[in-house]
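Okay, so here's the structure we're looking at.
A short reminder: the numbers here are calculations on the coordinates, not readings from a lab. Predicted, not measured: the structure shown is a model, and the values here were computed from it. FYI the Cβ positions are ideal-geometry reconstructions off the backbone, even for glycines, and counts take in every protein chain you see.
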Amino acid sequence: MGIIDLSRKLLFQASNDAQKNAEQYSDESYDQFVRNTRLCTRRPIKDSQFVCVSIHRETKQLWKYDSKVVGSRGVFDVLDFEGRPRTITSYDQLLHCMGSDAKRCYSDLNESNWKSYFQFMLLPPDHSGETLKKQLLSSDADIVYHAVYAVFDLVLKPPSVRKAFLDEAFRSLAMIKSNLKDVELGGNVVSNNRFADKAIAIIEGNNTDDCFCRLLIDTYGPNAEGLARTYGFVLVQKDEDVNEYDTVGIIECPVCHKKYSIYEEYTGWHIPTRISCSEI
């Protein structure tokens, strides 16, 4: 399965009810629609052609459409549309869109849960550790990548919240480790599987009192203000100039209350900025 690069706009006529009757979209509406769509599954029709199923993240509507491979981006196919998307209105219609591999992967899909199943699998696991566990056990790279970042999002939550949420994943850790070895998460220069390895480290330590704030810093490493703004660290000191190019700021972990000095160093023309972190 691959990430869809919606490289060609389709001309659609907007309907009044996007969830119930949305069979057609204008250019603008369709652009918004595709930004909020995630690929669920695709079945080969013939060489480089597929029938795909996607879910709209806002309306939760399932869509089917034919597509063809027009290029590649790393390990992922770049797809283009053949014909316009249609809403899926029955379980049998959904099954017809799925290949045998997808049916095995989604073996607990059935006639009673099909309308909500991919909401459960693809949308953020905000309320269910069981959801997160299933996402980490998926064979779909998009689902796994999404779930790995959900694990990182738990690092600065209260420890009781993180431990309760990751309990199901901790109980299934052996299966998750095995699955993540087989799922290629892409990455143009450096493999994104390194994020999966660190997510496993967080799950492994879930029955300890360890705080994983340093792992979070070392994994993403923006400057102090960026870490505070994006991940929830407490900003103790804003980034201040050290010299013409370098800055230093201080953050505090809201969980373990350790403080870190974040030094951003400019290393030369066309050379990436280097971030270093030290506990203070």
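Okay, here's what the table says:
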read-out	value
Set of lysines near residue 238 by C-alpha distance (under 16 Å), chain-local residues within fewer than 8 positions excluded	259
Value of relative contact order over segment 127-280, rounded to a whole percent, pairs C-alpha under 8 Å and six or more apart	18 percent
Protection proxy ranking of 109-116, 244-251, 36-43 - average other beta-carbon atoms within 10 Å, highest first	36-43, 244-251, 109-116
FRET efficiency for residue 194 and residue 86, using Cβ-Cβ distance with R0 set to 45 Å, rounded to 0.05	0.70
Net length gained if the chain between residue 69 and residue 110 were fully extended (0.36 nm per residue, minus Cα distance)	11.8 nm
Using θ = phi - 60° and Karplus 6.51 cos²θ - 1.76 cosθ + 1.60, couplings along segment 65-70 (whole Hz; Gly, Pro as x)	6, 8, 9, 9, 7, 10
J(HN,Hα) series, segment 103-114, from Karplus relation 6.51 cos²θ - 1.76 cosθ + 1.60, nearest Hz, glycine and proline x	5, 6, 4, 9, 5, 8, 6, 8, 5, 8, 10, 5
³J(HN,Hα) computed for each position of segment 203-210 - Karplus, 6.51 cos²θ - 1.76 cosθ + 1.60, integer Hz, glycine/proline x	5, 4, x, 5, 9, 10, 9, 5
Nearest-0.05 FRET efficiency for residue 204 and residue 167, computed from C-beta distance (R0 22 Å)	0.95
Debye intensity ratio I(q)/I(0), log10, segment 129-279, q values 0.15, 0.21 Å⁻¹ (C-alpha model)	-0.82, -1.23
